Amino acid sequence: MTLVLFLEQTLNGLQQGVMLFLLAAGLTLVFGIMHLINLAHGSLYMVGAYVTASVTLASGNFAIGVLAGMAAAGATGVVIELLALRRLYARDHLDQVLATFGVILTVNELTKIIWGPQALFLSTPTWLSGTIEIIPGAPYPAYRLFIIAVGLLVGIVLRHLIVNTRLGMLIRAGATHREMVGAMGVDIDRLFTVVFGIGAMLAGLAGAMAGPMLAIEVGMGEKILILTFVVIIIGGIGSVRGALVGALLVGVVDTYGRAFLPMIMRTFFEPSTADSVGASLSSMSIYVLMAVVLIWRPRGLFQAYGG
Amino acid sequence: MNRRTIVHSVGLLILATLPVVAEAMGEPFLTTIASRVLIYAIAAVSLDLILGFGAMVSFGHSAFFGIGAYVVGILTHHAFNSEAIAFLPGDWTGSTAAVIQWPLAILTAGLFALVIGALSLRTQGVYFIMITLAFAQMLYYLMISLPTYGGEDGLNLWERSNLPPFDLYDDREFYYLVLALLLAFLGLTRRIVSSRFGMVLKGCKQNEPRMKALGFPTYRYKLTAFVIAGMGAGLAGALAANHTEFVGPGMMHWTRSGEIMVMVILGGMGTLIGPVLGAATLLLMEEVLSNFTEHWMVILGPFLVLVVLYLRGGIYGWLTGRRNGDD
């Protein structure tokens, strides 16, 4: 194992972690503040990816596509919140599970009706399709670096939003003293819709970014949803900082597992067995990580605001 | 007669006469579908034992279902090939006898539930949901990585279990056998939830610190319930393996756990009949709607949302006019 390969995989891990952070940040806000388990978060990611791909293909401009994808995911999120989810905040978590499961089925099927069953493919925009040599001797795809940059930027903006703005103050206060915030004249319902919309837009952004790297297909949301839940559980529900740390941890562990476990297994097994055993072990690795973290710290790494 | 007695009697009547009616209608495949419903009903009832009565939201219930199925699959595989089972001492070549397979499936599932439950019950709430999910996913990927047992493709069962004097290949006999097992399991869970043990479990659901303060070792009570639920799911898995004559890692995937959980909530959790109704509703809607339109999920999805919004207490609660929990 060479150092260059290791560094390259570290960057891959960070890039995956940043993608997960975009999803996890929204999910953890909704979860930590509104106490709502939203299984349909992955569906918003999927909507973001589909709309970005369609608009980019139609307009020929990736930036416009990304904005459209974020707007569409945000709008879808707000509609879902207004129609169904806002009546579930006070309910049992299980009611929320069932309702958002219903939302997943609906959004998936609508997507299939609108875009058809075939997967869409989106190529990397030309201005990002080159490579940059930040590790000497190992050119690295510019698009992946771009994702890392976008993710970090979002992290900084989000932190500023939560720590320094009035909206952020209300979000933090609403998480712990919902009635009090309401009693002071803040429209809690609207606050929640706004928070949900922000979370949905972040999910849409993640979907938009993922577009050029993955097949855009129905069901892509559920694949990443579980990973996202793992992230916020490891980080501690409701904590944006926890979401960032958890996301990077999961991204790096998952990527290292995928890259190095099959290699390590080859010293024990014949190549074909080693590949399949290695692949499964690496798929397992993040769940092992989560189980270990929870057995060690039953409430995740970071405590949420007052939670 | 109150509404509950009516619901129970009508349900029992339908279940008892279903194969005969199906044949009279000239639609014998209904019996096969109904068997599938009953098998999932066993899994759903077992989940409800911990979910509805103990507030333990296990999102990894499909693990035990899958383990039950794999025990049957693996034993049959070895018996068919007369190969010794490598990971067991001695040179046992498996068996196709139900009296060996099924109890072993139940016990293995129970054993895994003991280990998984012991670790998971250290956490609570949403963390518990996720850690049970994590363990189930680990088992899912483990089964994918075992090429001996089909890996991703799963195992075809060359033979169904042997259970003289019954013929499990006969759809009607299989149906009645599954029905009998479901009723027996319902009877057992009914005894459990109305016993002192069940009271402690329900107490934990309402206020665990208080139960602890009263001196109950709540961890042990919850773990015991978790193991019983795992065993129930193991039985359902063993039956499912026989029903489809196939076992695969898909049986352990998290979406399967979600489906079983949806059955419980849809039917009405905290009741014993609710999960049976939930299993029937979900599977039959899938069956009927998919004949009707390719895009049946745009009907099922909003239906689930509407049930949550307007039918509190699930279908059973709606039929009997009761809310969750007062069964």
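The values are calculated or read from the model by the stated rules, or taken from the named source; none is laboratory data. Remember, it's a predicted structure, so these values are computed and weren't measured experimentally. Here the Cβ positions follow ideal geometry from the backbone for every residue, glycine too, while neighbour counts run over all protein chains shown. Side chains are part of the model used for accessible areas, which takes the heavy atoms of the whole protein and leaves out ligands, DNA and RNA. Shrake-Rupley method; radii C 1.70, N 1.55, O 1.52, S 1.80 Å.
Once you have a ≥ b ≥ c as the square roots of the Cα gyration tensor eigenvalues for the stretch B:207-260, tell me rounded if a/c is under 1.5, and otherwise prolate or oblate according to whether a/b is larger than b/c. Prolate shape, in that a/c is at least 1.5 and a/b is the bigger ratio.
Percent relative contact order of the stretch B:167-294, based on C-alpha pairs within less than 8 angstrom and at least six residues apart? Mind showing how you got there, number by number?
Working: 58 pairs, mean separation 16.8, N = 128.
Taking the mean separation of contacting Cα pairs over the length of the stretch B:167-294, I get 13 percent.
Measuring nothing but how far apart in sequence close Cα pairs (under 8 Å, 6+ apart) lie, relative to its length, the stretch A:148-307 scores a relative contact order of 22 percent. Span-like helix criteria (full DSSP H runs; alpha carbon extent of at least 18 Å along the helix axis; mean Kyte-Doolittle hydropathy of at least 0.0) are satisfied in chain B by B:3-24, B:29-54, B:61-81, B:98-120, B:125-144, B:171-194, B:218-244, B:254-267, B:273-292, B:297-310. Shape index of the stretch B:76-205: Rg/Rh, with Rg the Cα radius of gyration and Rh the Kirkwood radius from the inverse mean 1/r over Cα pairs, equals 1.03. Note on the stretch A:262-287 and the stretch B:154-213: Cα centroid distance 37 Å, given to the nearest whole angstrom. Across chain A, C-alpha contacts under 8 Å between residues 6 or more apart give a mean separation that, scaled by the residue count, equals a relative contact order of 34 percent. Estimated from the Cβ-Cβ distance and a Förster radius of 41 angstrom, the FRET efficiency linking A:ILE132 and A:VAL163 is about 0.80.
A Förster radius of 35 Å, combined with the Cβ-Cβ distance separating A:ARG91 from A:LEU152, puts the computed FRET efficiency at roughly 0.45.
For the protein assembly as shown: lysine pairs with Cα atoms under 19 Å, gap of 8 or more or different chains, count?
Step by step, the pairs that qualify in the protein assembly as shown add up to 5.
Only helices enter this figure: runs of n ≥ 4 DSSP H residues, each worth -39500 (n - 2.57), summed and divided by the residues of chain B, yield -25000 deg cm²/dmol at 222 nm to the nearest 500. Quick one: pull the percent of accessible area on the protein assembly as shown belonging to carbon and sulfur, 1.4 Å probe, ligands and nucleic acids left out. Using a 1.4 Å probe with all protein chains present, the protein assembly as shown comes out at 66 percent carbon and sulfur. The simple spin-label model puts a point 7 Å past each Cα toward its Cβ; for B:TRP92 and A:PHE6 those points are separated by 4.6 nm. One decimal place: the segment B:VAL21-B:HIS8 gains 2.8 nm when fully extended, by the rule 0.36 nm per residue minus the C-alpha distance. Using a 1.4 angstrom probe on protein heavy atoms only, the contact between B and A buries about 3900 square angstrom of accessible area, both sides summed. Rounded, prolate or oblate: which fits chain B when a ≥ b ≥ c are the square roots of the eigenvalues of the alpha-carbon gyration tensor, with rounded for a/c under 1.5 and prolate only if a/b beats b/c? It comes out oblate by the Cα gyration axes.
Within the stretch A:265-307, which residues have the backbone N less than 17 Å from the label spot 7 Å out from B:LYS212 along Cα→beta-carbon, could you tell me? Label zone hits: A:295-300.
Distance between the modelled labels on B:PHE80 and B:LEU284, one decimal in nanometres: 3.3 nm (7 Å Cα→Cβ projection).
With the helix formula -39500 (n - 2.57) applied to DSSP H stretches of n ≥ 4, chain A reaches a computed 222 nm mean residue ellipticity of -25500 deg cm²/dmol.
Sort the stretch A:97-199 into rounded, prolate or oblate with this rule: let a ≥ b ≥ c be the square roots of the eigenvalues of the Cα gyration tensor; rounded if a/c is under 1.5, and if a/c is not under 1.5, prolate when a/b is larger than b/c, oblate otherwise. Taking the square roots of the gyration eigenvalues as a ≥ b ≥ c, the stretch A:97-199 is oblate.
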